[in-house]
Amino acid sequence: VKGKLGPNVRQLLTNSLETLASTPGTSLRVLHIAAGPNKNGQLRENINPFLKALAHTKTLEEVNFQGHRGGYTSAVHLARAVQINQRLKRIYWDDNSTTLGGFRHFLSAVETTCNLVECPIPLNDVKVLLADEQTCAEISKIVTSIQNALTNALNKKNIQIAEQLAIEKRKNMFQERDEDWNLHRSKSFAPTRRQLGCSLPTGSAPSTARTSENDQEGETKKRPRAFLTLNMN
C-alpha cells in the first residue's frame, strides 16, 4: 500500500480485502499488502475485518500484512485464523503494534494447532516490549515458546509426510510383487500343446469317448487305431 489513503479509499480497500478473503470462488493464493512507515498508508484497525475473514478463506496460503499497526485486535484475529484455517502456510505480520496480550493469543493458537511452515517472529514489535521492564521477561518466554511451537509443528508435519511416503512405497512394492507373482503363476500353470499331448497314453482314447463296447468296436472298424509303430531294423 503506497501513498495517502483518504477515508473513502481506506473503507473501499477494507471492504475489498474482506470480500477477497471470504469469497470461495477466488483462486488467489498469495496476498502481499504490507504498508510502509507512512501513517497515511496504514490501515490500522481497518485491517481487522480482513483478518477476521481470513479464518475462513478457501485459497489463501500466504499473507503479508506488515506495517499496518492493527494492534491487539489484529493479533487476536490472526491467532484465530491460524488455528482454524489449515490452508495458511506463510504469515508475515511485523510492525502491527502487537501487544503482550496479542502475543499470548498467538502463542495459544500455535500451541493448539498449527499448519504454518514459515512465520517469522515480529522482531520490531518484540523490541518495543523488550524495552519495557514490566513486559521484558514475559515476552522473552513467549517468543521462545512460539518458536518451539512452530518448530514442533513443522517437524510433526515432516514426519507425517515421510510416513505417508513410506506407506505409499510399501503399497506400490506389494502391488508390484503381486503382479509379478500372478504373471509367474499364469505362465507356470498354463498347459502347453506338448503337455496336453503327453497327458494321454499312446494308443488310448479319452474315457468320455467310450459309450459302450459295441460303439468302441464299431469305431475301431471304421478308422485305424491310433498307435505309433517304430521300425527299429
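Quick notes
- Any chance Val128 is open to solvent by 70 Å² or more (accessible area, probe 1.4 Å), of a type in the set (A, V, I, L, M, F, W, C) and closer than 25 Å to Arg44 by Cβ: yes
- Selection count, the stretch 17-36, where residues are small (Gly, Ala, Ser), open to solvent by 50 Å² or more (accessible area, probe 1.4 Å) and more than 15 Å from Lys52 (Cα to Cα): 2
- Among the strands (runs of 3 or more DSSP E) confined to the stretch 1-115, there are none with at least 2 residues that are at pLDDT below 90.
- Matching residues in the stretch 131-146 - criterion: being open to solvent by less than 70 Å² (accessible area, probe 1.4 Å) and either in contact with a Gly (Cβ under 8 Å, 6 or more places away or on another chain) or among the acidic types (Asp, Glu) (or both): Asp132, Glu138
- Residues considered: Thr98, Thr14. Of these, the only one that is surrounded by fewer than 19 Cβ atoms within 10 Å (Cβ to Cβ) and out of contact with any Lys or Arg (no Cβ under 8 Å at 6 or more places or on another chain) is Thr14.
- Screening the candidates Lys157, Lys171 for the property of being charged (D, E, K, R), in a helix (DSSP H, G or I), closer than 30 Å to Gly70 by Cβ and modelled with pLDDT of 70 or more yields one hit, Lys157.
- The numbered conditions (1) open to solvent by 20 Å² or more (accessible area, probe 1.4 Å); (2) within 18 Å of His32 (Cα to Cα) are all true for Ile91 except (1).
- Subset of the stretch 116-154 (residues that are outside any helix (DSSP H, G or I) and aliphatic (A, V, I, L, M)): Leu116, Val117, Ile121, Ala131
- Residues considered: Ala81, Ala149, Ala109. Of these, the only one that is of a type outside the set (Val, Ile, Thr), under 17 Å from Glu62 (Cα atoms), open to solvent by less than 20 Å² (accessible area, probe 1.4 Å) and in contact (Cβ under 8 Å) with a residue 24 or more places away in the chain is Ala81.
The values are calculated or read from the model by the stated rules, or taken from the named source; none is laboratory data. Just so it is clear, the structure is predicted and the values come from calculations on it, not from any experiment. No Cβ is skipped: glycine too gets one built from the backbone with ideal geometry, and neighbour counts run over all protein chains shown. To get the accessible areas, we keep the full protein, side chains included, count just its heavy atoms, and leave off ligands, DNA and RNA. Shrake-Rupley method; radii C 1.70, N 1.55, O 1.52, S 1.80 Å.
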